[in-house]
Every structure is written in C-alpha cells, then in structure tokens.
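The values are calculated or read from the model by the stated rules, or taken from the named source; none is laboratory data. All of these numbers come straight from a predicted model, not from anything done at the bench. Quick reminder, even Gly has a Cβ in these numbers, built from the backbone with ideal geometry, and neighbours come from all protein chains shown.
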Amino acid sequence: MKLPNKETITILALGDIVGRVGRNAVVRNCRFLKEKYHVDFLIVNGENATHGNGLIYKQYLELINAGCDCITMGNHTYGKKEILTYAKNAKKLVVPANLVNLEPELQQNIAYEQKIGEARIKVINLLGIDNIKLSVKSPFIAFKEIYEKDPEAIYIVDFHAELTAEKNSFGYDIDGRASMMFGTHTHVQTADERIMPEGMAYITDAGMCGIRESMIGFDYKEVKKAMWEGTSYSVALKGKGMINGLLTTIDIHSKKAIAIQRINFDVE
Ligand SMILES: [Fe+2]
Ligand SMILES: [Fe+2]
C-alpha cells in the first residue's frame, strides 16, 4: 500500500519492555495506540523483554506481528545468546552501534531505515558510557560518523544510558542533526520532554512498559527482602501493566519536531 504524500510523520517511541506483563501490554495495545495517535512508525526498546534480560526470536516476532515497526536494544543485547542466530532474519532489530567488538552476526543490525511516504527515517541505538559496564565507544563520535555518511535521513535515536546529565549533553549535541532522541535504560520516565532549540524532540528517559508497582520491573517484595537479607530477586510477574513513551510529529522537510507528547498510562 502506498501512503499518501504527507508533510509530517508521527513517531511513537516506547521505553524498555520488561518481562511478560510489559510484552503483553505492548502486543495488546500496539494497534490501538497507532490508531489513537495516528502513528506512522512505532519503536519499542526490547532489551528486557524476555524475562528481564534480552530478547528471543519468538518474542521479537510477536512484537513485530503485533505492529511494532522497530525494536531497539541496549546493554542487555547479549542477554539471550539466541540473538546471534536470528539477527540476520530480524531486519527490524537495532542494536547499539557503539558497542566495542560488536559480534559479526549483529553488524547489519546497527540501523534500520524505512521510507514513510516521502520521508526516509533511520533508527539508531547508542549506549552511554557512565555505569554501563561494557566496552563502549564514544556515542558522540559514533553518532557523528553515522550522520556524516548519510546526513539526509531523518534520525530517530534511542540513547540507552544511565546518567541524566550524559543523556542531556548528548541530546544537545545531536539536536539539529537528529529529529528525535528518546532516552532508555533507567525504566523511570522523566517529565522533561521538550523540543530542543534546534528542533529535536527529546526526553531523558521514555520509561518502561512493565508493571507499575515494581522496582524498575523487578518484584518489589523480593527486592525489599533482598535489601535486608542479601537474597536474590527476579522480574515481577504479577501486577497492573503500564505503557510509557514519547510521541512526536516531525515536519519531513525541515526534519524538526512540531509537536511532542509524553505517554504514560495503565493497562488492564
Ligand atoms: Fe532496560
Ligand atoms: Fe539497559
């Protein structure tokens, strides 16, 4: 189906899916969200989708078949080793482009491009450095290198990082070259969404698709015990789900955001 010519595109980016409740929340609401907000392209971070750590192929397919257009990852990219066997068949999977020694099986997954009418968008995923505990190349240099090879694309960037100031600094750096940056990784949504001075839609962290009453997706009762007794804790399995994200509309000619809205609601 050819899309009618449009002057704007609307992008919805959702925060890290954590476990089954998060997956189900996205799978069951994906098409509803796309209709409700007239979304042309929906991205979700899937690094914790499979029981809190990584993403297996079956669940990649489940999310894509539900209507997700692209799935980004993060520091848990290798959480499920299966990714190395299925990545070549998962064109809509995007892994961090600045991981040092990225496995050869993932080399073709460092960007996802799609035409939407006249527009050509490019989704990339980059890791921050602070407290990420992986060998990572500077995200500033990595973005510059990618951008300079293809400055015509409309860039949507999932910046997966821990530190607020690092995310904020990176946002100001790529503002004017990227059209949208949504932070991920902390699983806690920030309320600082805005259009930056050069027109990029920005949020420090999009939040999480998972159980609201949890410790960033982990069972809070187990966490309470763990803090006092040193026991282990695991992904929360029961509770009401929520969906967090950032919605933006971008002018395809100026590549600047013209509207922005934070998304945060409970699901049954
Ligand atoms: Fe995460
Ligand atoms: Fe993460």
- [ ] Collect the residues in the stretch 44-101 that are among the small types (G, A, S) and either over 19 Å from K34 (Cα atoms) or within 12 Å of the chain's Cα centre (by Cα) (or both), keeping them in residue-number order.
- [x] G46, A49, G52, G54, G74, G79, A87, A90, A97
TODO: Please determine, by comparing only the residues of the stretch 147-159 that are touching a residue at least 12 places away in the same chain (Cβ under 8 Å) and out of contact with any strand residue (DSSP E or B) (no Cβ under 6 Å at 6 or more places or on another chain), which one is nearest to V95 (Cα to Cα).
DONE: Y147
TODO: Go through the stretch 203-213 residue by residue and tally those that are under 20 Å from G183 (Cα atoms) and in a loop (DSSP other than H, G, I, E, B).
DONE: 5
Task: Residue within the stretch 77-84 that is touching a helix residue (DSSP H, G or I) at 6+ places or on another chain (Cβ under 6 Å), modelled with pLDDT of 95 or more and surrounded by 20 or more Cβ atoms within 10 Å (Cβ to Cβ) present - done: no
- [ ] Working only within the stretch 87-121, note down all residues that are outside any loop (DSSP other than H, G, I, E, B) and of a type in the set (A, V, I, L, M, F, W, C).
- [x] A87, L93, V94, L99, L106, I116, A119, I121
- [ ] Could you identify the single residue in I124, I132 that is assigned to a strand (DSSP E or B) and crowded, with 18+ Cβ neighbours inside 10 Å?
- [x] I124
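Rundown of residues vs (1) in contact with a helix residue (DSSP H, G or I) (Cβ under 6 Å, 6 or more places away or on another chain); (2) assigned to a loop (DSSP other than H, G, I, E, B); (3) closer than 23 Å to N48 by Cα; (4) of a type outside the set (S, T, N, Q), yes/no style:
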{"position": "K221", "(1), (2), (3), (4)": "no, no, yes, yes"}
{"position": "K224", "(1), (2), (3), (4)": "no, no, yes, yes"}
{"position": "S232", "(1), (2), (3), (4)": "no, yes, yes, no"}
{"position": "I243", "(1), (2), (3), (4)": "yes, no, yes, yes"}
{"position": "T249", "(1), (2), (3), (4)": "no, no, no, no"}
{"position": "I258", "(1), (2), (3), (4)": "no, no, no, yes"}
{"position": "R262", "(1), (2), (3), (4)": "no, no, yes, yes"}
{"position": "D266", "(1), (2), (3), (4)": "no, no, yes, yes"}
- [ ] With the checklist (1) at pLDDT below 95; (2) in contact with an Asp or Glu (Cβ under 9 Å, 6 or more places away or on another chain); (3) of a type outside the set (K, R) in hand, flag the one item N101 doesn't pass.
- [x] (2)
Task: Residue in the stretch 44-75 that is farthest from ligand 1 (Cβ to nearest atom), counting only those that are small (G, A, S) and surrounded by fewer than 23 Cβ atoms within 10 Å (Cβ to Cβ) - done: G67
Open item on the list: Could you list, ordered by first residue, the pairs with Cβ atoms under 6 Å in which the first is in the stretch 114-140 and at positive phi and free of Cβ contacts under 8 Å to residues at least 40 places away in the same chain and the second is surrounded by 15 or more Cβ atoms within 10 Å (Cβ to Cβ) and not in a strand (DSSP E or B), at least 6 apart or interchain?
Closed with: N131/E162
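Go through the stretch 155-176 and report how many residues are crowded, with 22+ Cβ neighbours inside 10 Å and either part of a helix (DSSP H, G or I) or among the β-branched types (V, I, T) (or both). Before you say what the answer is, go through the steps one by one.
Here is the first cut: in the stretch 155-176, the ones crowded, with 22+ Cβ neighbours inside 10 Å are 155-161, 167, 170-171, 174.
Now restrict to residues that are either part of a helix (DSSP H, G or I) or among the β-branched types (V, I, T) (or both): 156-157, 167, 170-171, 174.
So the answer is 6.
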TODO: May I ask you to list the residues in the stretch 177-198 that are more than 16 Å from ligand 2 (Cβ to nearest atom), in contact (Cβ under 8 Å) with a residue 60 or more places away in the chain and surrounded by fewer than 24 Cβ atoms within 10 Å (Cβ to Cβ)?
DONE: A191, E193, R194, I195
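Go through the stretch 1-86 and tell me which strands (runs of 3 or more DSSP E), entirely inside it, have 3 or more residues that are within 16 Å of ligand 2 (Cβ to nearest atom) and in contact (Cβ under 8 Å) with a residue 24 or more places away in the chain. Before you say what the answer is, go through the steps one by one.
Values: elements: 8-14, 41-45, 70-72.
Once the strands (runs of 3 or more DSSP E) in the stretch 1-86 are filtered for at least 3 residues that are within 16 Å of ligand 2 (Cβ to nearest atom) and in contact (Cβ under 8 Å) with a residue 24 or more places away in the chain, what remains is 41-45.
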